[in-house]
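Colleague: Sharing a structure with you now.
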Amino acid sequence: PLRTRLGDAVAYLEQLTQQYSDKDDGLTDERQPTEMTPLNFVAETTAEMFAPEAKKRGVALKVLKGKGATQISGLALIRSCSNLVANAVRHAKASEVTIEVLSGPTSALVVSDNGVGMDQVTLAKVQQRGRKSGTSTGEGLGLAIVHELAEEHGFRFILSSKKGKGTQGRLIFE
């Protein structure tokens, strides 16, 4: 079952990437909440997807479990979380990336790294579609996609960073 879920997640991510690259607004059916998605599942699945790459780059990838769940599509959450983890593993020059599940009155998925961080100008820039930091080799779509998914699915996305301290992305579910 896990391999099937991972396969489905990867297929969805490939489809979503292509659709966003073409600036298509598809995916209406997949955006409808159908059941509760355990946030631990999202965190663990994302960590499994990036474990080989993180290991190869010398990055410790950790999951801190909690008890949160949401009705938001698991695939949309995996896509959002995976974009944050990909950025942290590939661009932050971090030695550690953590995916944490927070629970309480509001639940959250928090992706943190201990990398180089960004100043406020760069932080604002990298969240715009097609914009990226000077060291990025990507297309500049990842964080813009997370913002769009948050808006379309009804969760909040907050990105914060301190130069020399690292970056944190929060997916918040109320």
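Colleague: Which residue out of 16, 27 is open to solvent by less than 80 Å² (accessible area, probe 1.4 Å), part of a helix (DSSP H, G or I), of a type outside the set (Asp, Glu) and modelled with pLDDT under 95?
Modeller: 16
Colleague: Still on this model: Step by step: first the residues of the stretch 51-75, then only those that are part of a helix (DSSP H, G or I), open to solvent by 20 Å² or more (accessible area, probe 1.4 Å) and among the hydrophobic types (A, V, I, L, M, F, W, C), then the one that is modelled with the lowest pLDDT. Which residue is that?
Modeller: 75
Colleague: Any residue in the stretch 62-78 that is within 18 Å of residue 51 (Cα to Cα) sitting within a Cβ distance under 7 Å of a residue that is surrounded by fewer than 18 Cβ atoms within 10 Å (Cβ to Cβ)? List the pairs, counting only those 6 or more apart or interchain.
Modeller: 62/96; 63/44
Colleague: Which of the residues spanning the stretch 34-77 are among the β-branched types (Val, Ile, Thr) and out of contact with any strand residue (DSSP E or B) (no Cβ under 9 Å at 6 or more places or on another chain)?
Modeller: 34, 45
Colleague: Looking at the stretch 118-162, which of its residues are at pLDDT below 70 and either in a strand (DSSP E or B) or in contact with a helix residue (DSSP H, G or I) (Cβ under 7 Å, 6 or more places away or on another chain) (or both)?
Modeller: Passing the criteria: 126, 127, 128, 129, 131, 132, 133, 135, 136, 141, 142.
The values are calculated or read from the model by the stated rules, or taken from the named source; none is laboratory data. These figures come from a predicted structure and were not determined experimentally. As a convention, Cβ positions derive from the backbone with ideal geometry for all residues, glycine included, and neighbour counts pool all protein chains shown. All accessible areas refer to the heavy atoms of the entire protein, side chains included, with ligands and DNA or RNA removed. Shrake-Rupley method; radii C 1.70, N 1.55, O 1.52, S 1.80 Å.
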